[in-house]
Each structure stands twice: as C-alpha cells, then as structure tokens.
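All remarks here apply to the structure that follows.
Only the coordinates and a few stated rules stand behind these numbers; no lab work does. This one's a predicted model, so the numbers in the text were calculated from it and none came from an experiment. Here the Cβ positions follow ideal geometry from the backbone for every residue, glycine too, while neighbour counts run over all protein chains shown.
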Amino acid sequence: MILAVSTFAAVRFGSRSARVTERALLAGLLPILVPSRIHDPVEKIRFADDHWIAVDGGHAIAEVGEGAVYLAIALRNVGHGLAFLDRWDFYPSDITVESPREIDHFHRLTRDLYVPAGDLGFWQGTFRDESDPAFHAAKDAITGREALTVDLLYGDHEGGQRTISRFILTPRGETEWLSTVSRHWRLDGGVRR
C-alpha cells in the first residue's frame, strides 16, 4: 500500500512538473505585438486594389479612399516566437476597458501576415462594403479625427498561443495617426493581462 501511494505521488508530481516545464517553454516562444518605435524604418504596404501606403515607425494609417477605408499599423514583435496574424476587430472610438468581442465577430485577414520574433512588420485591414455599417462608422471617425481601436488576434505558426492585443490609433495634426497598445489577452491558457 505504501509503495502504491508513493508511486501515485511521484507520477502526479512528475505530471505537474512536466506541465510547468511545457508552459515555461511555450511562454518563452510567445509572440507579443506592440507598435514599432518612432525611429524604426517605414513600412510600405500594398492593398489588394493596388493602393499603396507608407507607415512610419510608431504610427498607423487611417485613410478614406474611393470606395474603401484603409487601416494599417506598423508593428514590432517583442516576444520570442513568430507572430501569425489571423483576424481583427474595429471600434470607431477609444475603448480601453472592455474585453474584446467574440472571435466570430472578428474580420478574417485576406492574406497571411507574419511578424518575426524581435523584428518589424505590419497589419492592414480595409472596409470596402459601403452597405456595411462598420464602413460608415470607420469613415466618420476618420474624417472626424477621432481615436480608433483595433483588436488584433494572432498566435504562433501552428495556430496556438492565441493572443488579442488592443491598439489605439490617435490622430495627431491633420493627417498623422500614432499607435499605442493598451491591453493583451491570452486566449489559450495563461493569465489574462
């Protein structure tokens, strides 16, 4: 009986230890997206309709075009894993407290975007359907020079370690938009931050 109890305790402790080790390894490979730095190089971005923009370091783009609303953020991955961008959500205001909406509400990216560990990249999104209320909400907020919120859903290259990072786009002057990150939410285990 004593042998059975000690074996059970050893197996249980070994399993717990393995879980702790696995979580530590995964945390070491976690991608974490933040705005790029002001002195980082310009990101040149092409949209599907051959519209080109240039986003300075630490900045974002919120632009109303002919039949489209263009959004982009210059990013830096401060984590140790490759960030695979998957989906995004938009709010035509600065919301810093609320939790993100359900994933089903997010927009799927039309192409894969990656940000290497410790390197620079970008996110881009558009509204093209003028019958979509979000199109007009985005257009009105941009032309009214109001702060915008974009939630980015990303994870590792295998689709795990999903994280949502909330970016606030703040107008500056007549045409500039600065970007800041306000919150990060881990969806696959771990503690919400």
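Sorted ascending by nearby beta carbons within 10 Å, beginning with the fewest, Glu43, Glu66 become Glu66, Glu43. Between Glu63 and Arg12, the contour length at 0.36 nm per residue exceeds the alpha carbon distance by 12.7 nm. Just so you know, the Cα atoms of region 40-85 work out to an Rg and Dmax of 12.3, 39 Å. Once divided by 2.2 N^0.38 Å, the Cα radius of gyration of region 31-186 becomes 0.96. Computed over the Cα atoms of region 69-119, the ratio of the radius of gyration to the Kirkwood radius (Rg/Rh) comes to 0.98. Exposure proxy shown here: for Trp52, Trp123, the number of other Cβ atoms within 10 Å sets the order, fewest to most, as Trp52, Trp123. Going by neighbour counts of Cβ atoms within 10 Å, the residues Thr180, Thr149 line up, fewest first, as Thr180, Thr149. Modelled spin labels at Val78 and Leu187, positioned 7 Å past Cα toward Cβ, are 2.2 nm from each other.
Note on Glu158 and His51: their simple-model spin labels are 3.8 nm apart, each label 7 Å out from Cα toward Cβ. Available extension along the chain between Ser99 and Glu130 is 8.4 nm, counting 0.36 nm per residue and deducting the alpha carbon span. At an R0 of 30 angstrom, the distance between the Cβ atoms of Thr180 and Thr110 translates into a FRET efficiency of 0.70.
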